[in-house]
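Novice: Encoded as structure tokens, here's the structure I'll be asking about.
The values are calculated or read from the model by the stated rules, or taken from the named source; none is laboratory data. Note that the structure is predicted; figures quoted are calculated from it, not measured. A quick note on method: Cβ atoms are made from the backbone with ideal geometry, for glycine too, and the neighbour counts reach across all protein chains shown.
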RNA sequence: GGCCCAAUGGUGUAAUUGGCAACACGAUAGAUUCUGGUUCUAUUAUUCCAGGUUCGAGUCCUGGUUGGGCUACCA
């Protein structure tokens, strides 16, 4: 490096600003915009209200809302509520909350059920133009006629009914003349198509089931393929972004729009999110909740948005994560470390630091003046000077973490050992001269002397020591419950069924440990939902179970632990 | 035995659309540090295989391999 290049003439920098990194969806959007296929960008997030949102949905939400924002377009929230047997208003509310919590707001709120009448009219249009027919085959027969992946299907015997007859039958289906399953309305496409979705797909089924919004107004309900694309079209969506499993549905999506002669959005598919050490399917999440393996949808071990929130994940960290993982069509599995890293990064910037002793052992300062209490000034957040400082009471009787003391230890052990010294954070350097044990040999009390010249920040002493540990003054300490969460599963891919086993076989028996911690006074005032860092330990969030002056803390994620890693690798003992 | 889609370091995503393979995370080594945190530095690749087109291929073509999806009146 001989000369510092002028940044304005740095070719590398120019290149960087000129070539913005686009994912494959953005590339497609820019091409379509340039070609004039669409006027602008209109997207939508289309959940079915039959469950809680999880981190995989967050990826889709960030994508759809993010694209709208990036291109100055709009993003709607639309509930795909076409199956009344599974859907409930409870889920509608939770989904709205989760999206807002994540930091997004929709331009328009819609329900597929609002389009039922329009959908019906369009179905009539397809019947009249000879593109749809009423079929009397039952489920079992329909399946048989469809053929298989290697064999073509056969035409339904009802395929050639006249438009008049079809119309009459369809009207009577709507009027409730037939029982559940007696008839369906099917699109007339091609029973020999290699794409199974095109083998005369069912558009409507008869279900005498009240709907969460339309109640008993309808007894015929549209299928996904018939409702989804048409809803997109009605809302003038330009890019209908969905997951990979709908790739084979795209020809049908386009067929409906084109046959109807209506606005045809472009469907683009991306790979859904998979993450190590967890499960993402609604079925499995439901099973974990219903069978009591976790405490509920908001159990902090679940990848649900309500679970992550309770665990202490911030919206910012989840958005950063979604941004970080990118979008592609490759079926990948993201290392959960990425998620943990995202929340560490954010919390490192914003979480106030506090001292908490999770596994307390008593430490007495034998040369401390009887009854004396000193207030120590502690920095609230070294990453944020504006967070200021606080006063922490210090006395001759303290608690430190059992992990931070050993009678004998290797040179690389920087914490307190018998005959050694350590710095008490924001206080004094202490020397350990003795240990008291119970009959079983457990350390019950550590005896030390403090070095009065080493008061934090005083500059009175040149004395240094390698280690610094956290502490809490016994008489001022609060007692709180701490819930130490770990991964729910012990294997990277619990989903990949081990031959005969179930994903439940891989549940981590230690995914939740509780501890009674001794904490500094400031921690007693933390309100539910607030994030803090317990110095040297991890990030914690006060749980909704917290009571005034009696918070319960959930461990969001531990701090990076170089020492623990060295131990795990056998480099030290 | 059909159709559709994908494949780039340990993980995930880029590559100005045919022009010197980049970024993040992880891992490793070191520096700094009153958090074994943070921060900083360094190291970490014959682009799944085989042919072909081309001055030039991660990118285009052909064949193969591997993985995913499709056979609900679910979405």
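Novice: Applying the selection to the stretch A:27-51, what residues are farther than 20 Å from residue A:102 by Cβ and in a loop (DSSP other than H, G, I, E, B)?
Specialist: The answer is A:36, A:37, A:38, A:39, A:40.
Novice: Scan the stretch A:175-206 for residues that are surrounded by fewer than 17 Cβ atoms within 10 Å (Cβ to Cβ) and either farther than 23 Å from residue A:151 by Cα or more than 7 Å from RNA strand B (Cβ to nearest atom) (or both) and jot them down.
Specialist: A:175, A:176, A:177, A:179, A:180, A:181, A:182, A:190, A:192, A:193
Novice: Scanning the stretch A:396-417 for residues that are buried (at least 18 other Cβ atoms within 10 Å of the Cβ) and more than 15 Å from RNA strand B (Cβ to nearest atom), which turns out nearest to the chain's Cα centre (by Cα)?
Specialist: A:399
Novice: Further, regarding this structure: In this structure, is residue A:308 within 16 Å of RNA strand B (Cβ to nearest atom), at pLDDT 95 or above and either surrounded by 14 or more Cβ atoms within 10 Å (Cβ to Cβ) or more than 16 Å from the chain's Cα centre (by Cα) (or both)?
Specialist: Spelling it out, it is not the case that residue A:308 is within 16 Å of RNA strand B (Cβ to nearest atom), at pLDDT 95 or above and either surrounded by 14 or more Cβ atoms within 10 Å (Cβ to Cβ) or more than 16 Å from the chain's Cα centre (by Cα) (or both).
Novice: Continuing with this model, one more query. Looking at the stretch A:235-251, can you tell me whether even one residue there is surrounded by fewer than 20 Cβ atoms within 10 Å (Cβ to Cβ), under 23 Å from residue A:111 (Cβ atoms) and in contact with a helix residue (DSSP H, G or I) (Cβ under 7 Å, 6 or more places away or on another chain)?
Specialist: No: the stretch A:235-251 contains no residue that is surrounded by fewer than 20 Cβ atoms within 10 Å (Cβ to Cβ), under 23 Å from residue A:111 (Cβ atoms) and in contact with a helix residue (DSSP H, G or I) (Cβ under 7 Å, 6 or more places away or on another chain).
Novice: So which residues in the stretch A:81-95 are closer than 18 Å to residue A:52 by Cβ, buried (at least 17 other Cβ atoms within 10 Å of the Cβ) and out of contact with any helix residue (DSSP H, G or I) (no Cβ under 6 Å at 6 or more places or on another chain), if there are any at all?
Specialist: Hits for the stretch A:81-95 are A:83, A:87, A:91, A:92, A:94, A:95.
Quick grid of which residues meet (1) assigned to a loop (DSSP other than H, G, I, E, B); (2) closer than 26 Å to residue A:432 by Cβ; (3) over 13 Å from the mean Cα position of the chain (by Cα):
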site: A:320; (1), (2), (3): no, no, no
site: A:330; (1), (2), (3): yes, no, yes
site: A:341; (1), (2), (3): no, no, yes
site: A:347; (1), (2), (3): no, no, yes
site: A:378; (1), (2), (3): no, yes, yes
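Novice: Specify which of the listed residues (A:392, A:361) is assigned to a strand (DSSP E or B), more than 33 Å from the chain's Cα centre (by Cα), under 25 Å from residue A:451 (Cα atoms) and more than 16 Å from RNA strand B (Cβ to nearest atom).
Specialist: Sole residue among the options that is assigned to a strand (DSSP E or B), more than 33 Å from the chain's Cα centre (by Cα), under 25 Å from residue A:451 (Cα atoms) and more than 16 Å from RNA strand B (Cβ to nearest atom): A:361.
Novice: If you don't mind, another one. Tell me, which residue of the stretch A:418-427 that is part of a loop (DSSP other than H, G, I, E, B) and within 14 Å of RNA strand B (Cβ to nearest atom) is surrounded by the fewest Cβ atoms within 10 Å (Cβ to Cβ)?
Specialist: Per the stated criteria, the residue is A:425.
Novice: Now for a different question. I'm told residue A:313 meets every condition in (1) part of a helix (DSSP H, G or I); (2) surrounded by 17 or more Cβ atoms within 10 Å (Cβ to Cβ) except one. Can you identify the failing condition by its number?
Specialist: (1)
Novice: Kindly indicate the residue of the stretch A:230-261 that is without any contact (Cβ under 8 Å) to a residue 40 or more places away in the chain and under 19 Å from residue A:194 (Cβ atoms) and also farthest from RNA strand B (Cβ to nearest atom) among those meeting that condition.
Specialist: Among them, the one singled out is A:254.
Novice: Within the stretch A:479-573, which strands (runs of 3 or more DSSP E) (wholly inside it) include 3 or more residues that are more than 15 Å from RNA strand B (Cβ to nearest atom) and surrounded by fewer than 19 Cβ atoms within 10 Å (Cβ to Cβ)?
Specialist: A:512-519
Novice: Shifting gears a bit: Go through the residues of the stretch A:428-445 one by one and say whether even a single one is part of a strand (DSSP E or B), modelled with pLDDT of 95 or more and within 10 Å of RNA strand B (Cβ to nearest atom).
Specialist: yes
Novice: Can residue A:142 be described as within 42 Å of the chain's Cα centre (by Cα) and loosely packed, with under 14 Cβ neighbours inside 10 Å?
Specialist: Judged against the criteria, residue A:142 is not a match.
Novice: Now for a separate question. Does residue A:273 fit the bill of being at pLDDT 95 or above, in contact with a strand residue (DSSP E or B) (Cβ under 9 Å, 6 or more places away or on another chain) and within 8 Å of RNA strand B (Cβ to nearest atom)?
Specialist: For residue A:273, the condition - at pLDDT 95 or above, in contact with a strand residue (DSSP E or B) (Cβ under 9 Å, 6 or more places away or on another chain) and within 8 Å of RNA strand B (Cβ to nearest atom) - is not met.
Novice: Additional query: Can you go through A:299, A:323 and tell me which one is surrounded by fewer than 22 Cβ atoms within 10 Å (Cβ to Cβ) and away from RNA strand B (no atom under 16 Å from the Cβ)?
Specialist: So the residue among A:299, A:323 that is surrounded by fewer than 22 Cβ atoms within 10 Å (Cβ to Cβ) and away from RNA strand B (no atom under 16 Å from the Cβ) is A:299.
Novice: Checking the structure you have, find out if any residue of the stretch A:364-378 is in contact with a helix residue (DSSP H, G or I) (Cβ under 7 Å, 6 or more places away or on another chain) and within 13 Å of RNA strand B (Cβ to nearest atom).
Specialist: No - not one qualifying residue is present in the stretch A:364-378.
Novice: Okay, moving on. Scanning the stretch A:84-117 for residues that are assigned to a helix (DSSP H, G or I), farther than 20 Å from residue A:63 by Cβ and within 15 Å of RNA strand B (Cβ to nearest atom), which turns out farthest from the chain's Cα centre (by Cα)?
Specialist: Ranking the qualifying residues of the stretch A:84-117, first place goes to A:116.
Novice: For the stretch A:118-167, what are the residues that are in contact (Cβ under 8 Å) with a residue 12 or more places away in the chain, farther than 14 Å from residue A:186 by Cβ and within 14 Å of RNA strand B (Cβ to nearest atom)?
Specialist: A:119, A:147, A:149, A:152
Novice: For the stretch A:469-478, enumerate the residues that are within 21 Å of residue A:552 (Cβ to Cβ) and either within 20 Å of the chain's Cα centre (by Cα) or more than 16 Å from RNA strand B (Cβ to nearest atom) (or both).
Specialist: A:476, A:477, A:478
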